[in-house]
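Presented below is the structure to which this report refers.
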Amino acid sequence: MRHRGIESQSSFHTVPPLASMPNALMPSSQPTPMPSPSDHPRQRRDPLIPPGERVLYDGSPSLLAIVLEPMGTMLALLAMLAVTAWLLPMWTGRVAPAWLSLTIAALFLARAIWSCVLWACRRYVLTDRRVLASVGVIRRLTVDVPLKNIQHLRVIKSRRERLTGIGTLAIDTSGGGETELYWFMIDRPEAALAAVRSAMQGEPATMLVLGLIGGIGAGKSAVAAALARRGYEVIDSDKEAKAALDLPHVREQLVAWWGEAMVSSEGRVDRAKVASIVFSDTTQRRRLEELVHPIVKATRAAMVARARERGCRGVVVDAPLLLEAGVDKECDAVVFVDAPFEQRLERVKSGRGWTEEELRRRESAQTPLEDKRRRADETIVNDADLATLDARVEAAIARLERR
């Protein structure tokens, strides 16, 4: 999507399930290794702009604002100097002292310098998902308005602004005309208004929700991290399932089923003991899933809703049993992360201490990999370094977002 730029100081441009109960129950003493920061491709990060969003406009107020904004104060100081120089000799018979003129001149200069500082510290940004204004010298204030929340756009012009051809863009987020954000004294404000309106029309109607599947050790966490750097909210269903186990009513039910031994001396559910039960008894595993799955589903729905309210680019649901539990029906697309068996085995050996038999045993409880590949909308192969994986993720997301 292309937009015409606003000239002068600114321009438009493009910058370049549900958790598996057994996996969720595994003790945290065998964590999956996370890539170190040095393994990731280095990217320059603008703290104002959310990752993964395309910048359409990045600018400041017009240079004329340096003069126009403090004009009232400066005219008052000049009038004070003129009146003093005229009246003082009439009243006292003496010429105004030099220190008085110097004081007024110093105030005039200080106000001019402060106006320059204020101008330099104002920044206005339009991305493909939000409008931002960042202002302030000593204390920064950033106002962030998602495009989907905008109700009205207005151009306001004072007399001075009309005479000089600049104006102020006001963005309202309620039907009552409550103004949430201003771009003060910008060049060509009508063009800025048209650009924001065009971005609003070009924004996707719904946020993309991706389901992430793959073989054990294929690198779903690395793909999720790459998506997070591009503005996607990652929902770790394993983590949510573990949190659900420690809810009071869930803990009480586990004790009622399997005894007090299910709770450690610290009062938390002993996941290793619960796992030993559900791994060896399919009936008990289904019983546990019927208890915990609705909780995880409700938590996931709330997290997706919050991500949508914040204007996130999308959401990634990382869940080992995404297909088995039917969570793929909640997703717009499913991404399968693939890797050769030998690489996956090496990863779980070094990261989790598993044997080949353990890997095969756990995978046998899940949907076969060929079925996962067939049911996925996109496949990302993770058989090289992180830079290659990052490029493959970028290409896959571009294809999915064009659909």
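Derivation of every value follows stated rules applied to the coordinates shown; laboratory data play no part. Predicted, not measured: the structure shown is a model, and the values here were computed from it. Using ideal geometry, Cβ is built from the backbone for each residue, glycine included, and neighbour counts are taken over all protein chains shown.
Summary of computed values
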| read-out | value |
| --- | --- |
| Residue selected from the stretch 216-270 under the condition closer than 28 Å to Glu358 by Cβ and aromatic (Phe, Trp, Tyr), by the criterion surrounded by the fewest Cβ atoms within 10 Å (Cβ to Cβ) | Trp257 |
| Tally, over the stretch 340-362, of residues that are closer than 22 Å to Leu322 by Cα, within 33 Å of the chain's Cα centre (by Cα) and not basic (Lys, Arg) | 2 |
